[in-house]
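Asker: Quick one: the structure is below, questions incoming.
The values are calculated or read from the model by the stated rules, or taken from the named source; none is laboratory data. These numbers come from a predicted model, not from an experiment. Positions of Cβ are backbone-derived with ideal geometry, glycine not excepted, and every protein chain shown enters the neighbour counts. Protein only, heavy atoms only, side chains kept; ligands, DNA and RNA dropped before computing areas. Shrake-Rupley method; radii C 1.70, N 1.55, O 1.52, S 1.80 Å.
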Amino acid sequence: MKDSIANLVRSNIKHLQPYQSARRIGGDGNILLNANECPIPVVFKTNLTLFNRYPECQPKSLISFYSNYVGLSSSQILVTRGADEGIELLIKAFCNPRKDAIICCPPTYDMYAINASISHVETKEIPVFNDTWQIDLDNIQRNLDKVKLIYICNPNNPTGNIILKQDIINLLDKTLGSSLVVIDEAYIEFSSENSMVELLKDHPNLIILRTLSKAFALAGIRCGFTLAHKEIINILNKVISPYPIPTIVTDIAIQALSKSGIKNMKDRVSTLNLNRHWLVNELHQISWVKKIFNSHANYVLVKFHMFEQIFQHLWNKGIILRNQNHKVYLKKCLRISIGSYSECLRLIEEIKILSNK
């Protein structure tokens, strides 16, 4: 029976390595600094009691609130199950299996390449420059054949850097009429001045992905947004599932996007950015720290001299980090999500205990 089922599986799925999310990797701990979640919980209440009807495919009220938040027309916004669904829908809508390709720029978020692989679409990996983490425009331009989508994470996960705005503008100009440039702004609230939303008005091949999972502290409801020209949104509406956004998700998301909700989000961002600065300053004083990369997000990438010992020691103490050693250019690197002040303090204390042994 096992063999007969295996024979039915698509060839590209049979040996696919699934994305190793923080929950899949696991870790028995109470200080979870491995998924870039917000450590400050937000409590919401709902008066909804009836759930026997299907929700709207694209909740007009939620789109209206997000429209006000980002300053775009409602026709330029698609609501999705997290930004992850936006990544998937774009490949589904624009890439022909076994014919087209996407470009991504590692080290970066793995789901761009994994979604392409699931859809039998080629991934061309054009690594960023090792010394600056900036995109290699010339190399990208040399590899545009068959490419429909170019995914750029900004701030980039896991490096935390901002991609130069002029490089993105140049890329948009070079690919106009041939490729779509997708800017993943999952972490942009932590560096809001670097958003590329204003470029949408002049660049019809620009697409921006957003989420409520990070700064809005709503990873548990899976709510994201795709921002683009109306023509692109209309195409994506053809391939999205009939009822992607549960009614209760819409209710909570609207609360988060109210004036008070946005103010609370900005306060959380300020707190976490301060925690990041504190954590970085403390890490600089530890001898086992080899390098700390500048971050504009709610995490920091750190290279350690004894990274395996540190990772395992913290894991055993219930402090779970994200190991990045397997990624290009990231040997001996760990990514640390910014926790509460007490979580950051505990992390530093444990690293100091180990490094002073």
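Asker: ³J(HN,Hα) across region 18-26 via Karplus (A = 6.51, B = -1.76, C = 1.60, θ = phi - 60°), whole Hz, x for Gly/Pro?
Answerer: Karplus-based 3J(HN,Hα) across region 18-26 equals x, 4, 8, 5, 4, 6, 5, 5, x Hz.
Asker: Longest segment of the chain with no chymotrypsin sites (Phe, Trp or Tyr not before Pro) in a DSSP loop having at most 16 other Cβ atoms within 10 Å?
Answerer: 130-328
Asker: From the cross-link list Lys165/Lys230; Lys148/Lys214; Lys146/Lys331, which pairs have alpha carbons spaced over 30 Å apart?
Answerer: Distance filter (> 30 Å) returns Lys146/Lys331.
Asker: Once you have the alpha carbon radius of gyration of region 1-120, what is it after dividing by 2.2 N^0.38 Å, with N set to its residue count?
Answerer: It is 1.42.
Asker: Let me ask something else about it. Region 103-134 to region 1-62: how many Å between their Cα centroids?
Answerer: Region 103-134 and region 1-62 have Cα centres spaced 22 Å from each other.
Asker: Quick check on the chain: of the DSSP beta bridges with both residues there, what percent are antiparallel, nearest 5%?
Answerer: Beta bridges within the chain, antiparallel portion: roughly 50 percent.
Asker: Could you state the accessible area per residue of region 1-110 in Å², with a 1.4 Å probe and every protein chain left in place?
Answerer: 61 Å²
Asker: How big is D, in µm² s⁻¹, for region 251-301 by Stokes-Einstein at 20 °C and 1.002 mPa s if Rh is the Kirkwood radius over C-alpha pairs?
Answerer: The calculation lands on 167 µm²/s.
Asker: From the phi angles alone, apply the Karplus equation (6.51, -1.76, 1.60; θ = phi - 60°) to region 277-283 and give each ³J(HN,Hα) in whole Hz, x where the residue is Gly or Pro.
Answerer: My calculation for region 277-283 gives 4, 4, 4, 4, 4, 5, 5 Hz in order.
Asker: Let me ask another. Determine by what factor the alpha-carbon radius of gyration of region 173-221 differs from 2.2 N^0.38 Å, reporting the quotient.
Answerer: Rounded to two decimals, the normalised Rg is 1.32.
Asker: Can you tell which of Asn264, Asn156, Asn115 shows the greatest fluctuation in a Gaussian network model of the chain with Cα springs below 10 Å?
Answerer: Asn264
Asker: May I pose another question? Straight distance only, please: which aspartates and glutamates reach the Cα of Lys263 with their own Cα at less than 14 Å, same-chain residues fewer than 8 apart left out?
Answerer: Answer for Lys263, where 14 Å is the Cα cut-off: Glu189, listed by chain and number.
Asker: So what is the calculated 222 nm ellipticity per residue for the chain, using -39500 (n - 2.57) for each DSSP H run with n of 4 or more, over all residues, to the nearest 500 deg cm²/dmol?
Answerer: Calculated at 222 nm, the ellipticity per residue is -11000 deg cm²/dmol.
Asker: State whether region 106-229 is rounded, prolate or oblate according to the following rule on the C-alpha gyration tensor (a ≥ b ≥ c being the square roots of its eigenvalues): a/c under 1.5 gives rounded; otherwise a/b larger than b/c gives prolate, and the remaining case gives oblate.
Answerer: Details: a/c = 1.38, a/b = 1.29, b/c = 1.07.
Rounded shape, in that the Cα axes give a/c under 1.5.
Asker: Continuing with this model, one more query. Amide H of Ile103: which non-local residues (sequence gap of 5 or more, or other chain) have their own amide H closer than 5 Å, using H built in the peptide plane?
Answerer: So Ile103 has HN proximity to Lys124, Leu149, Ile150, Tyr151.
Asker: For region 52-160, report the convex hull volume of the alpha-carbon atoms normalised per residue, in Å³, without decimals.
Answerer: So the per-residue hull volume is 143 Å³.
Asker: On average, how much accessible surface per residue is there in region 202-296, in Å², for a 1.4 Å probe, leaving out ligands, DNA and RNA?
Answerer: 44 Å²
Asker: Under a GNM of the chain (C-alpha, springs under 10 Å), which listed residue has the highest mean-square fluctuation: Leu334, Leu257, Leu345?
Answerer: Largest GNM mean-square fluctuation: Leu345.
Asker: Here is a further query. So which residue, out of Glu37, Glu231, Glu85, gets the largest mean-square fluctuation from a GNM of the chain using Cα contacts under 10 Å as springs?
Answerer: In this elastic network of the chain, the residue with the biggest mean-square fluctuation among Glu37, Glu231, Glu85 is Glu231.
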